[in-house]
Amino acid sequence: MIKNYLITALRNLRKNKAHSFINIVGLSVGMAVAMLIGLWIWNELSFNKYHQHYDRVAQVMLNQDFNSSTATGVAVPIALDAVIRKSYGSDFTHVAMASWTESHILTTGEKKLSFDGTFMDKEGPEIFSLRMLNGSRSGLQDPSSILISQSVSKALFGNADPMGKTILLDNKSNFKVSGVYEDLPSNSSLHDLSFLAPWDYYLKTFIPERVLSDWGDNSWQMYVQIADGTDMNRVSGKIRNAIMNNAGKEDARFKPMIFLQPMSNWRLYSEFKNGVNTGGAIQYVWMFGIIGIFVLLLACINFMNLSTARSEKRAKEVGIRKAVGSLRSQLIIQFYCESILTTVFAFALALIMVALALPFFNQLADKEMTILWSNGLFWILCIGFTLFTALIAGSYPALYLSSFRPVKVLKGVFKAGRLAAVPRKALVVLQFTVSVVLIVGTIIVFNQIRFAKNRPVGYNRNGLVFIGMQTDDLHNHFDALSADLKSSGAVTYLAQSSSPTTGVENNRSGLVWKGKDPNMTDDFANIRVTTDYGKTVGWQFVDGRDFSNQYLTDSLGLIINEAAVKYMNLKNPVGENIRVGRNKVYHVIGVVKDMVMSSPYEPAKQTIYYITHEDFSYVIMRLNPNMSAHESIQKMEAACKTYSPSVPFSFQFADESYAKKFSNEERIGKLASLFAVLAIFISCLGLFGMATFTAEQRIKEIGVRKVLGASVFSLWRLLSRDFVNLVVISLLIAIPAAYYFMGQWLQHYEYRTAIPWWVFGAAGVGAIVITLLTVSYQSIKAALMNPTKSLKSE
């Protein structure tokens, strides 16, 4: 019986090739989009699951109160380590302190390469369950050992066995390779961790004794693995006051509260506002999941519309089947078989589309996804997905067509009537509503990016270059480096800084100024610079002057930004004395416009700039505009190699570094625009099929109208008007819906664009133009047909 159903279904598909082609292509595109989005969501939801103890690993995070608002960060004091181990040790299987993951120089023989790595406690490899290819996870117990990734081993030693060999780290100390671990995958938060150096060495070499008991120095990370049988939330609540109970009065003023952020939340729930988790990338998982469902729904709507549009052509078939004894249930099975067969063909085509599109999609989404050919769950989901699509797509045609009464059909009095077209029109409205919402959403996403990119940043990014100092070589020879680069004409100014112009790497509190509320807990971005910093970055003064070597008092001079003036409520800031730290009193010599150094979507933070002679991390240079950038970079490299020959030359343009801040939103916008284009394509494909059948149904009416003198334009307008009206109705629904949803999305940004009216106008005009272009071919073709052909049988 089933075989007969399938043979009949296959014959119907072959008999109506155009109808079948539109259905299969439309469904396959919809299914391909849904599959790509499904792979993307799978990748996001599987983030960090590479690590064996994924559900029991957490990072210790810290909430602090600053002037009636709560700031959340991952930096904690070293002193917390001893307290956690001593007072709460039974709640944890492993505890590990770690420095920040930064670029370091690894040298062996003649090879000197830069890799990202960190100093981590010996329990770290166990927490993250590193998969060892050589050696063991316990390798860091020796403070002179190092663990390296497989790619580092390949780069430094080739195919030779690296175990026991020596690596020079940052031209300072030699370490023995005690283990090689498998490269961490791209969907791990630690994927850029190329090596682990011992924490004990870090403590002895870089950390002063006083810092070990300083509860106010939040400069390190802590990872933990909770003990079996314990609950993450309970342990988090238990350790909440670990800092508060041990910190001195000065540090306790900030009400430090720690909590555990589970590894399962690192990727998708990473955003905090005022101490409360507000989500994160999970919003995009939901957004693209909904888009995938709707795009697939659009393809299913095409199938429903085109099947019911052919209802009168199949009415006699249904009538005859019923007259010879077919039950309605048998007809429903028949139509579902056609739907399943169409969907199976569409699924096969969709798999081919996904395989071909995946490299491009990976590049667009910045992923390394593959089709899970060997995953049994993947095929179970695919089969279920295909059957579900077949049932959704075939439900309305099966139930509608099988309901025809054979007496009316065979007497020739059956007509679908005007009401029969209502469901089809409603589905077309739904299609274009979804498409228009996607178009509007995409435009607003890119408008928000453009708005933030055009924001004044308070300095000149063009021709600005910064170099991260991995050793002290450039700092120790800075005057000679400066003289060489200026005399070569490569740069006009250069300076040293504790942070790049596109980031803030240090904050401080405890400043005292005239009129400050003694109960206020302050927080400032803290930038240490050399004298020519302002000239180099090209900052813009609002009041006062720049640092100068002509004034010896500038060693205690302070430059603040406009945000700091407002934050401190200073009426005449220049000349004001501000105590920074416990002993030094600085005087404000200038006020500059806010430099956007952190997120371009947030207000600039209150910032202080002051001169020091040590503890710098970056050299910032202003390229000579009269020399090509390529030539300037070559001379910069030569000069840097002169004074720091053992360090690989690496640099960043400030404008490129700033542009990276928009990469996530741009990636989301590109993906959304791709899906919007495909949604429009699917909708237009269905519209084209509908226009084809409408023209066929009205072909005799068109012939009569032509005989009576109707022009081609009037016939085109007649056939196109109904479709345009449906699109107009969809616009009336889509515009307020898009306004609401995109308004909610923009609330995630403090510095955000308004939603301009032209976005909706452009989307509306675009939808109408696309509709007219889609239906015009069939409308004009029908209007140009010789009426004698359509009327000769009358």
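The values are calculated or read from the model by the stated rules, or taken from the named source; none is laboratory data. Bear in mind that the values here come from a model prediction, so they are computed numbers and not experimental data. FYI the Cβ positions are ideal-geometry reconstructions off the backbone, even for glycines, and counts take in every protein chain you see. Keep in mind that these areas ignore ligands, DNA and RNA; they rest on the heavy atoms of the full protein, side chains included. Shrake-Rupley method; radii C 1.70, N 1.55, O 1.52, S 1.80 Å.
I'd like to know if region 604-622 contains one or more residues that are within 22 Å of Phe66 (Cβ to Cβ), polar (S, T, N, Q) and open to solvent by 60 Å² or more (accessible area, probe 1.4 Å).
no
Would you say Ala767 is in a helix (DSSP H, G or I), under 27 Å from the mean Cα position of the chain (by Cα) and surrounded by 16 or more Cβ atoms within 10 Å (Cβ to Cβ)?
Here the answer is no, as Ala767 does not meet what is asked.
Any idea which of (1) within 18 Å of Thr612 (Cα to Cα); (2) surrounded by fewer than 21 Cβ atoms within 10 Å (Cβ to Cβ) is the one Pro518 doesn't satisfy?
(1)
Say whether the condition of being more than 25 Å from the chain's Cα centre (by Cα), without any contact (Cβ under 8 Å) to a residue 60 or more places away in the chain and within 30 Å of Phe115 (Cβ to Cβ) is met by at least one residue in region 623-632. Reasoning before the result, please.
So in region 623-632, the residues more than 25 Å from the chain's Cα centre (by Cα) come out as 623-632.
Cutting the leftovers down to without any contact (Cβ under 8 Å) to a residue 60 or more places away in the chain gives us 628, 630.
Applying the additional criterion that residues be within 30 Å of Phe115 (Cβ to Cβ) yields 630.
Within region 623-632 (the criterion being more than 25 Å from the chain's Cα centre (by Cα), without any contact (Cβ under 8 Å) to a residue 60 or more places away in the chain and within 30 Å of Phe115 (Cβ to Cβ)), the answer is yes, since at least one residue qualifies.
Could you list, in sequence order, the residues of region 422-452 that are surrounded by fewer than 17 Cβ atoms within 10 Å (Cβ to Cβ) and among the small types (Gly, Ala, Ser)?
Result: Ala426, single match.
Condition check ((1) within 25 Å of Pro625 (Cα to Cα); (2) free of Cβ contacts under 8 Å to residues at least 24 places away in the same chain; (3) open to solvent by 10 Å² or more (accessible area, probe 1.4 Å); (4) touching a Ser or Thr at 6+ places or on another chain (Cβ under 8 Å)) across all residues:
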{"site": "Asp522", "(1), (2), (3), (4)": "no, no, no, yes"}
{"site": "Asn526", "(1), (2), (3), (4)": "no, no, no, yes"}
{"site": "Gly538", "(1), (2), (3), (4)": "yes, no, yes, no"}
{"site": "Asp543", "(1), (2), (3), (4)": "no, no, yes, no"}
{"site": "Asp554", "(1), (2), (3), (4)": "no, no, no, yes"}
{"site": "Ile560", "(1), (2), (3), (4)": "no, no, no, yes"}
{"site": "Asn569", "(1), (2), (3), (4)": "no, no, yes, no"}
{"site": "Glu576", "(1), (2), (3), (4)": "no, no, yes, no"}
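If I filter region 453-463 for residues that are out of contact with any helix residue (DSSP H, G or I) (no Cβ under 6 Å at 6 or more places or on another chain), surrounded by fewer than 22 Cβ atoms within 10 Å (Cβ to Cβ) and in a helix (DSSP H, G or I), do I get at least one hit?
yes
So in region 267-290, with the set limited to residues that are open to solvent by less than 40 Å² (accessible area, probe 1.4 Å) and either in contact with a His (Cβ under 6 Å, 6 or more places away or on another chain) or assigned to a loop (DSSP other than H, G, I, E, B) (or both), which one is modelled with the highest pLDDT?
Leu268
List pairs: first in region 734-756 and touching a residue at least 12 places away in the same chain (Cβ under 8 Å) and open to solvent by less than 70 Å² (accessible area, probe 1.4 Å), second of a type in the set (Ser, Thr, Tyr) and in a helix (DSSP H, G or I), Cβ under 6 Å, 6+ apart or cross-chain?
From region 734-756, the pairs are Ala734/Thr433.
The conditions are (1) touching a helix residue (DSSP H, G or I) at 6+ places or on another chain (Cβ under 9 Å); (2) under 26 Å from Asp228 (Cα atoms); (3) open to solvent by less than 40 Å² (accessible area, probe 1.4 Å), and Glu44 fails exactly one of them. Which is it?
That leaves (2) as the condition not met.
Among what's in region 578-598 and is open to solvent by 40 Å² or more (accessible area, probe 1.4 Å) and not β-branched (Val, Ile, Thr), pick the residue that is nearest to Pro518 (Cα to Cα).
Arg579
Residues of region 706-723 being open to solvent by 30 Å² or more (accessible area, probe 1.4 Å) and either of a type outside the set (D, E, K, R) or at pLDDT below 75 (or both), which ones?
Lys706, Val707, Leu708, Gly709, Ala710, Ser711, Val712, Phe713, Ser714, Trp716 - these are the residues of region 706-723 that are open to solvent by 30 Å² or more (accessible area, probe 1.4 Å) and either of a type outside the set (D, E, K, R) or at pLDDT below 75 (or both).
Looking at the structure I just gave you, is Phe378 farther than 21 Å from Trp42 by Cα and at pLDDT below 85?
Considered against the rule, which asks whether it is farther than 21 Å from Trp42 by Cα and at pLDDT below 85, Phe378 comes out as no.
Does at least one position in region 297-316 carry a residue that is in a helix (DSSP H, G or I), closer than 30 Å to Ser663 by Cβ, among the hydrophobic types (A, V, I, L, M, F, W, C) and at pLDDT 70 or above?
Within region 297-316, one or more residues are in a helix (DSSP H, G or I), closer than 30 Å to Ser663 by Cβ, among the hydrophobic types (A, V, I, L, M, F, W, C) and at pLDDT 70 or above.
Tell me yes or no: at least one residue of region 654-674 is within 22 Å of Ile620 (Cβ to Cβ), in contact with a Leu (Cβ under 9 Å, 6 or more places away or on another chain) and either of a type outside the set (Ser, Thr, Tyr) or in contact (Cβ under 8 Å) with a residue 24 or more places away in the chain (or both).
Yes, there is a match, as at least one residue in region 654-674 is within 22 Å of Ile620 (Cβ to Cβ), in contact with a Leu (Cβ under 9 Å, 6 or more places away or on another chain) and either of a type outside the set (Ser, Thr, Tyr) or in contact (Cβ under 8 Å) with a residue 24 or more places away in the chain (or both).
Is there a residue being surrounded by 15 or more Cβ atoms within 10 Å (Cβ to Cβ), free of Cβ contacts under 8 Å to residues at least 40 places away in the same chain and in contact with an Asp or Glu (Cβ under 6 Å, 6 or more places away or on another chain) anywhere in region 148-161?
yes
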